[in-house]
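Structure first, then comments.
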Amino acid sequence: MNVMTYEMTGPWFGWLSWYTSALTGASGYHPTSVASSLSAWTNAGIPKSKLGMGIPFYGMAWRNITGPYQPYTDWSDYVGSDNSFTYSKILQLSATGVYHWDEAAQASYVTFEVPVEDGTVRWISYDSPQAIAAKGAFAHDNDYGGTIIWTINQGCIDPQTGANPLLDAVKDAFLP
């Protein structure tokens, strides 16, 4: 069973800004993570070995938010995600941003002092190679079945060569 453990956030009542696909750290105002979602399925009787966790090859971009653990205003804070903020685009935008790794959530994001894209984007949450490595280690350490990806083409950074660093990270993290 493949579990869509990405795009697991939104400006829902009572939530703080959270990651598109945080591995750990579910509690209180950020009540979901990959680990908590997979645990719910195993508690319902699905064997761990039959569960695949999701990995997004895109990010979620927000305005009026400069990082995690901040209150959402409403859906007007949302700028885009799937198809709009591919890994290649995130890398291009990141040239003027700062990469961050949240150890507690095992999640990556980039912030911008000067807003990008439409002049309002200050925070993009996405799965970096570091986040994918953490998910692979978690799957191996906890005997989960593997992963699913949405979508492979959004990880491509060079259409001429087909270079896809995120797919390379999945291979390194999930295959022996």
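The values are calculated or read from the model by the stated rules, or taken from the named source; none is laboratory data. As the structure is a prediction and not an experimental result, all values here were calculated from the model. Note that each Cβ is placed from the backbone with ideal geometry, even for glycine, and that neighbours are counted across all protein chains shown.
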- Message: For the stretch 80-98, check the following and say yes or no: at least one residue is among the acidic types (Asp, Glu) and closer than 24 Å to GLY14 by Cα.
- Response: no
- Query: When the stretch 1-20 is examined, which residues are found to be farther than 16 Å from ASP74 by Cα, of a type in the set (A, V, I, L, M) and surrounded by 15 or more Cβ atoms within 10 Å (Cβ to Cβ)?
  - Reply: VAL3
- Query: Looking only at residues in the stretch 49-87 that are part of a loop (DSSP other than H, G, I, E, B) and hydroxyl-bearing (Ser, Thr, Tyr), which one is farthest from ALA107 (Cα to Cα)?
  - Reply: THR73
- Query: Counting only residues that are of a type in the set (Val, Ile, Thr), crowded, with 16+ Cβ neighbours inside 10 Å and outside any helix (DSSP H, G or I), how many does the stretch 152-176 have?
  - Reply: 1
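Only one of ILE149, ILE132, ILE90 is within 14 Å of the chain's Cα centre (by Cα) and outside any helix (DSSP H, G or I). Can you tell me which? Reasoning before the result, please.
On the way: ILE132 fails: outside any helix (DSSP H, G or I); ILE90 fails: outside any helix (DSSP H, G or I).
Every option except ILE149 fails the conditions.
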- Counting only residues in the stretch 10-48 that are assigned to a loop (DSSP other than H, G, I, E, B) and touching a strand residue (DSSP E or B) at 6+ places or on another chain (Cβ under 6 Å), the one modelled with the lowest pLDDT is identified as TYR29
